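Everything on this sheet refers to the single structure shown next.
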Amino acid sequence: MDDENTYLLISGIQHYVFCPRQWGLIHEENQWDENLLTAQGSLIHERAHNESLREHTHGKIIERSLRVHSETLKITGNTDVVEFRQVAEQTGNSTISLPGETGYWEVLPVEYKRGKSKTHDADRLQLCAQALCLEEMLCCSIEYGALYYNQTHSRELVSLDSALKERAITILEEMRRLLERKRVPKARARSVCKSCSLSGICLPSLDQRESASTYMQRRLKEIQ
Ligand code: SF4
């Protein structure tokens, strides 16, 4: 793999979709302020990342905490869980062979999340970026992934179609451009700021205030 320092962290895509400034503060300025929601998220991931838990039951292998990367997209990260499911026959390039195992296997990345299924696609896009890495590493096509939500104890099957994959790639390209320009996006106060772990650092309400130059221009106009 090329210089890993130039790689984007896959986990950043969910921050970027939630708020580009949050991503910039975490990934460009290394700010991190944990609130209750992020602490709960960490606990869920610790459980999923228990590397001693490799399960191999009939027809299914479960691998936890696999390191993945894409040299094409220059992204890297850890998966929570990857399930390999044995299927009866080879299906295009959606099945692979596994060393030491017989037969054909489908690949299903699974990401563990706090809360419940959301209307925005942040979780789906992060899962999709993991799948893009696995596709490149295993030379296969991955059509589905899954999100497990701790609040509802439910698993959502996510169709990793070409539209979602193209969107993930476009967002990753935007993130890379911002990173190369070393530019943290501006704050924009919105309803999501209430649940943002970085609101104390970001101070989005300050964004509502007039800048000094705008104030001077307005005052000049008023006295002319
Ligand atoms: S407080 Fe609001 S604007 Fe600031 S990083 Fe969080 S979500 Fe973004």
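All of the numbers you see were taken from the coordinates with simple rules; none came from a lab. Quick caveat: nothing in here was measured; it's all calculated off a predicted structure. Heads up, the Cβs are rebuilt from the backbone with ideal geometry, glycines too, and the neighbour counts pull from every protein chain shown.
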For Val192 and Thr72, extending 7 Å from Cα along the Cα-Cβ vector and measuring point to point gives, in nm, a value of 2.7
Provide the FRET efficiency to the nearest 0.05 for the Glu101-Arg167 pair, computing r from the beta carbons and using R0 = 35 Å. 0.55
In the range 140-197, the trypsin sites (Lys or Arg not before Pro) that fall in loop regions by DSSP, at most 14 other Cβ within 10 Å: Arg181, Lys182, Arg183, Lys186, Arg188, Arg190
Taking θ as phi - 60°, what are the ³J(HN,Hα) couplings along the range 148-162 by the Karplus curve (6.51, -1.76, 1.60), each to the nearest whole Hz, with x for Gly and Pro? 9, 9, 6, 6, 9, 6, 10, 10, 9, 7, 10, 6, 8, 7, 5
For the range 165-171, 3J(HN,Hα) per residue [Karplus equation, 6.51 cos²θ - 1.76 cosθ + 1.60, θ = phi - 60°, Hz, x = Gly/Pro]: 5, 5, 5, 4, 5, 4, 5
Residues Arg155 and Arg176, FRET efficiency given R0 of 45 Å [Cβ-Cβ distance, rounded to 0.05]: 0.90
